[in-house]
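Novice: Input: one structure, supplied below.
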Amino acid sequence: MAVSFSVLRKTPRDLVVVAVVCAAAGLGLLVDSVATLPLQQALGVLAWGILLGLMKGETWHVRIQAAIVVGIATAAEYLFSPHWHFYSYRFENVPLYVSPGHGMVYLAAAALGRSDYFRRHHAWLTNLALIGGTAWAAWGLFFAERGDMGGAALFALLFVFILVGRTHPLYVAAFFITTYLELVGTFYGNWAWATQWPFFGLSQANPPCGISAGYCIFDAIAVAGAAAIAKTVDFAAARLRGSALPAWLDTPPAQEAYEEE
């Protein structure tokens, strides 16, 4: 165990964030798969603690992005699960860990996308996401017993995000993080996707191959929203430059933060 902690201390923080989120999600979903409702709620409290702990090491710009993701993803969860029934959780609720979980997933994708590892290998990671996702979509369309036309439609949107998005490393990273999360969650039975899209009737796998596109929408809104807030803060700071400003207000975002160009 001492060796493991030693390795962890020498690992760049970005990869530590990814490892913590993936480990917490995997272990948490395993426990939740057999948990009672009170234990599930306790897992939610723990998830909030992990998210807040990870946020302490981020710039205020990234914290705003994560907060936006938590807000819009939570609203989407209540619409898509208990209201529209695109998918359902074990207790037919939206578990307490879901909201902080979205924030953790965003931080993991942001950390992976900005990491030195991603910068060194961005070409083959991007190709892996595009080719792997295309193969997955083709399997769902033509070969799988349970069709995935809805997932393929979502993957087409993800394809566009990755090819033309200004923050495409974030979207590629989101593909890997969310694919892991969805495969684990559906394998353990924490949630299950409906066989068809409500309203449209498109077939849907469990999980859909292109579900990462939904997370990319959250991420794009977060990047744009945080950029708008940053411009507002800059304007306010310029007007108040003569007076003392809080340190977080007077500090520009770090270069690794995703900003709308």
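Novice: Of 106, 74, 198, which is farthest towards the positive pole of segment 2-239's charge dipole, taken about the Cα centre with +1 and -1 on the beta-carbons of Lys, Arg and Asp, Glu respectively?
Specialist: 106
Novice: Of 158, 107, 27, which has the largest mean-square fluctuation in a 10 Å C-alpha GNM of the chain?
Specialist: 27
Novice: Once you have a ≥ b ≥ c as the square roots of the Cα gyration tensor eigenvalues for segment 70-134, tell me rounded if a/c is under 1.5, and otherwise prolate or oblate according to whether a/b is larger than b/c. Mind showing how you got there, number by number?
Specialist: Details: a/c = 3.57, a/b = 2.00, b/c = 1.78.
Prolate is the answer for segment 70-134, as a/c is 1.5 or above and a/b outweighs b/c.
Novice: Right, another one. Express in whole angstrom the spacing between the alpha-carbon centres of segment 101-139 and segment 37-73.
Specialist: Here the answer is 21 Å between Cα centres.
Novice: Taking the 0 to 90 degree range and rounding to the nearest ten, how far is the long axis of helix 149-164 tilted relative to the main principal axis of the chain, both from C-alpha atoms?
Specialist: Value to nearest ten degrees: 30.
Novice: To the nearest 20 debye, what is the magnitude of the charge dipole of segment 2-239 about its Cα centre, counting +1 on the Cβ of each Lys and Arg and -1 on the Cβ of each Asp and Glu? Spell out each step's value before the answer.
Specialist: Working: 13 positive and 11 negative charges, 157 e Å.
Roughly 760 debye, rounded to the nearest 20.
Novice: Something else: Among 238, 35, 156, which one shows the biggest mean-square fluctuation in a GNM of the chain, springs joining Cα atoms closer than 10 Å?
Specialist: Residue with maximal mean-square fluctuation among 238, 35, 156: 238.
Novice: While we're on this one: Under 8 Å for C-alpha pairs, at least 6 residues apart: give me the relative contact order for segment 2-239, rounded to a whole percent.
Specialist: Working: 300 pairs, mean separation 60.9, N = 238.
The normalised contact order for segment 2-239 reaches 26 percent.
Novice: Moving on. Apply the Karplus curve 6.51 cos²θ - 1.76 cosθ + 1.60, θ = phi - 60°, to the phi angles in segment 127-143 and return the couplings in whole Hz, x for Gly and Pro.
Specialist: Using θ = phi - 60°, the values come out as 4, 4, 5, 5, 6, x, x, 5, 5, 4, 5, 5, 4, x, 7, 10, 10 Hz.
Novice: Give me, ordered by chain and number, the residues 5 or more places off residue 87 or on other chains with an amide H under 5 Å from its own placed amide H.
Specialist: Excluding prolines and chain starts, which carry no amide H, the hits are 194.
Novice: Could you run the Karplus curve 6.51 cos²θ - 1.76 cosθ + 1.60 with θ = phi - 60° over segment 28-35 and give me ³J(HN,Hα) per residue in whole Hz, x for Gly and Pro?
Specialist: Karplus values, whole Hz, x for Gly and Pro: x, 5, 4, 5, 5, 5, 10, 7.
Read-outs throughout are calculated quantities, based only on the coordinates presented, and are distinct from any laboratory measurement. Note that the coordinates shown come from a computational prediction; the quantities given were computed from them, not determined experimentally. Positions of Cβ are backbone-derived with ideal geometry, glycine not excepted, and every protein chain shown enters the neighbour counts.
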